[in-house]
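First the structure, in the form of structure tokens, and then the observations on it.
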Amino acid sequence: MLRTPRGTVTKPRIAVVVPAYNEAANLPGVIASLQQLRQRRDDWCWSVTVVNDGSTDDTADVLAQLAEKHPVTAIHCPVNIGIGGAVQLGFQVAVEWGADVTVQLDGDGQHPAEAIPTLVEPVLAGRADVAVGSRYSKGAGGAVSNVGRQLGTRLFSWLLRLAVGCKVKDVTSGFRAFGREAAVYVSRHYPDDYPEVESYVPLLRAGFDIEEIPVQMSPRKGGRSSISTLLSPYFVVKVALAVLVHLTRAIPERKKRSRDT
């Protein structure tokens, strides 16, 4: 429970943002797992927003059907704006709603909804501004990426540690929880192309505290990742250059936001 400045005890507001591109096969399971958690955690106020990022499969139809059955806000982008734009759009909705914690959860079914309370806890407790669900922290277990992507993640982790002192191992994880101020920051300033890795530079330079939480993730249940094995070398080079570019930019100003605004 949270207390407002006047001392009134209120339920924490937890927003979940699900970016989805061609995830028609996975969204029903993702929404079902979120609904199950929602029923168990009625001590929280919930908001679930799915951003359909210009999908070319049946995602729009599947999402429309799910939104009729479950308390889900569906946003349909007429064209693909990229993962960064989709996440930022969802965070803008969460900030406007007044979320205490905003959770980013991919639409591919790899991120376990039942781990959300563990991810949210350090943010609600004030120990961290951002909590990262990690496949590579001790105690995580579960499915991990292929060897190529694991090597890429290690390279990015090393680069970010060198550049901004980032201690996160799973820097490509899209399963993260943001406190109010960090969510406002993301809703205003978020990279476009490969945001998970790039975002650590401005977040850490702006002084946000980041904690890594071990999470057991699952293999993708359907469809395929937007980053194929063929594109991995291009991905590595482009992200590394983007990180270096972020180091040269001015740090965007942090803006505090109270729960009642």
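Each row is one residue, and each column tells you yes or no for (1) of a type in the set (Lys, Arg); (2) more than 26 Å from Thr118 (Cβ to Cβ); (3) touching a Gly at 6+ places or on another chain (Cβ under 6 Å).
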residue: Ser47; (1), (2), (3): no, no, no
residue: Val50; (1), (2), (3): no, no, no
residue: Ser55; (1), (2), (3): no, yes, no
residue: Val62; (1), (2), (3): no, yes, no
residue: Ala67; (1), (2), (3): no, yes, no
residue: His76; (1), (2), (3): no, yes, no
residue: Val79; (1), (2), (3): no, yes, yes
residue: Val95; (1), (2), (3): no, no, no
Exercise for the section: Quick one: Ile83 ticks every box in (1) in a helix (DSSP H, G or I); (2) at pLDDT 95 or above; (3) touching an Asp or Glu at 6+ places or on another chain (Cβ under 9 Å); (4) not aromatic (Phe, Trp, Tyr) except a single one, so which number is it? Expected result: (2)
Fill in the blank from the handout: Within the range 145-168, residues being basic (Lys, Arg) and buried (at least 19 other Cβ atoms within 10 Å of the Cβ) number 0
Completion exercise
Per the filter on the range 197-222, residues among the aliphatic types (A, V, I, L, M), within 25 Å of Leu151 (Cα to Cα) and in a loop (DSSP other than H, G, I, E, B) are Val215
Completion exercise
Residue hits (the range 39-77; among the hydrophobic types (A, V, I, L, M, F, W, C), surrounded by 18 or more Cβ atoms within 10 Å (Cβ to Cβ) and not in a strand (DSSP E or B)) are Trp44, Val62, Leu63, Leu66, Val72
Exercise for the section: Select from the range 203-239 the residues that are crowded, with 17+ Cβ neighbours inside 10 Å, modelled with pLDDT of 85 or more and out of contact with any His (no Cβ under 7 Å at 6 or more places or on another chain) and list them in ascending order. Expected result: Leu203, Leu204, Arg205, Phe208, Ile210, Glu211, Glu212, Ile213, Pro214, Val215
Completion exercise
Flagged in the range 180-190 as crowded, with 24+ Cβ neighbours inside 10 Å and of a type outside the set (Val, Ile, Thr), in numbering order, are Ala182, Ala183, Tyr185
Practice task
Consider only pairs whose beta carbons are under 6 Å apart and that are at least six residues apart or on different chains; among these, list those whose first residue lies in the range 28-42 and is touching a residue at least 12 places away in the same chain (Cβ under 8 Å) and whose second residue is in a helix (DSSP H, G or I) and among the small types (Gly, Ala, Ser).
Solution key: Ser33/Ala113; Leu34/Ala113; Leu37/Ala113
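The values are calculated or read from the model by the stated rules, or taken from the named source; none is laboratory data. The structure displayed is predicted, hence computed values, not measured ones. All Cβ positions, glycine included, derive from the backbone under ideal geometry; neighbour counts span all protein chains shown.
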